[in-house]
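Asks: Following this message is one structure expressed as structure tokens.
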Amino acid sequence: MHTALTIAGSDPSGGAGIQADIKTLSAHGIYAVSAITALTAQNTTGVYHIFEIPPEFLAKQLDCIFTDIFPDAVKIGMIPSAAHVEVIAEKLNAYHAKHIVVDPLIASTSGARLADQAAVDAFFQLLFPIAELITPNIPEAKVLSECTIQNTKDMAFAALTLNKKFGCNVLVKGGHLFDTADDILCQDGKIFSFPGKRIDNPNTHGTGCTLSSAIAANLASGLELSRAIQSAKEYLSGAIAAKLVLGHGTGPLNHLYRLRLEK
């Protein structure tokens, strides 16, 4: 059975973070293992408190995983501090981890800061260079590339800028555009477009976590990068289109919609 590791924060409401990652990996037939970087007090209305896991304990989690159930792919989400980034990079390098997908979570959709500036700088120096793919949304891509992004042409320029700067493949997600849901990939200096239609559903909590986990799942299964992205995008669209309605804020996706369809 193929395996994948998610390194991220915990979301007690189940819509994002470790919980969303495990659901997504499981929906793809992947055995999920996890290392928690932070505990959050959050729900569909926002993030209310963050408790950082000690970096030393995070290191122990990673040692336990890599020395027992070695993952075929790694998805990285919320990392709250530079010390956590340093631990993760050290362990991934030491164990020669493969198919590393980094979702550079800087702030939540509700506006809560999820990583300090030192952590962002550590992302640049330690994680992006060893990643197979990073998956910033438009606000994150603006910060990382220092580019203005208003359309898919701007997305392509930002993706190319980041590809040249860090040497990793870059998928800029277009969910924040008003007229499209296209995603743009820069792979080895070449630009590829993944068209998407906007789905009328305000409940999109955890979409970034879900897409990056689905990509990691597909890479773990042996798909090449572009096919892994296309398949993940189709899965995400289905999870949004299922229109699950839970909570009093921006609700979660239906990660297991395919199971219901099969009944």
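The values are calculated or read from the model by the stated rules, or taken from the named source; none is laboratory data. Just so it is clear, the structure is predicted and the values come from calculations on it, not from any experiment. Cβ atoms come from the backbone with ideal geometry, glycine included; neighbour counts cover every protein chain shown.
Asks: From Lys98, Lys91, grab the single residue that is within 21 Å of Ile229 (Cβ to Cβ), surrounded by fewer than 22 Cβ atoms within 10 Å (Cβ to Cβ) and at pLDDT 95 or above.
Replies: Result: Lys98 is the single residue among Lys98, Lys91 that is within 21 Å of Ile229 (Cβ to Cβ), surrounded by fewer than 22 Cβ atoms within 10 Å (Cβ to Cβ) and at pLDDT 95 or above.
Asks: Any residue in the stretch 127-152 that's in contact (Cβ under 8 Å) with a residue 12 or more places away in the chain: show its pairings with residues that are part of a helix (DSSP H, G or I) and hydroxyl-bearing (Ser, Thr, Tyr) at Cβ separation under 8 Å, as long as the two are six or more apart or on different chains.
Replies: If the second residue must be part of a helix (DSSP H, G or I) and hydroxyl-bearing (Ser, Thr, Tyr), the pairs left are Thr135/Ser212; Ser145/Thr161; Cys147/Thr161.
Asks: Right, next: Residue check, Met78 against (1) surrounded by 17 or more Cβ atoms within 10 Å (Cβ to Cβ); (2) of a type in the set (A, V, I, L, M); (3) assigned to a helix (DSSP H, G or I); (4) modelled with pLDDT under 95, all met but one. Which one?
Replies: Evaluating Met78 over (1) surrounded by 17 or more Cβ atoms within 10 Å (Cβ to Cβ); (2) of a type in the set (A, V, I, L, M); (3) assigned to a helix (DSSP H, G or I); (4) modelled with pLDDT under 95 leaves (3) as the failure.
Asks: Looking at Ile69, Ile53, which one is more than 22 Å from Ala83 (Cα to Cα) and surrounded by fewer than 22 Cβ atoms within 10 Å (Cβ to Cβ)?
Replies: From the options Ile69, Ile53, the qualifying one is Ile69.
Asks: Any idea which of (1) at pLDDT below 95; (2) more than 24 Å from Thr24 (Cα to Cα); (3) not polar (S, T, N, Q) is the one Ala83 doesn't satisfy?
Replies: Of everything listed in (1) at pLDDT below 95; (2) more than 24 Å from Thr24 (Cα to Cα); (3) not polar (S, T, N, Q), Ala83 misses just condition (1).
Asks: Is it the case that the stretch 61-70 has a residue that's among the polar types (S, T, N, Q) and in a helix (DSSP H, G or I)?
Replies: Yes - at least one qualifying residue is present in the stretch 61-70.
Asks: Still on this structure: Surrounded by 24 or more Cβ atoms within 10 Å (Cβ to Cβ) and either part of a helix (DSSP H, G or I) or of a type outside the set (D, E, K, R) (or both): is that true of Ile36 in this structure?
Replies: No, not satisfied.
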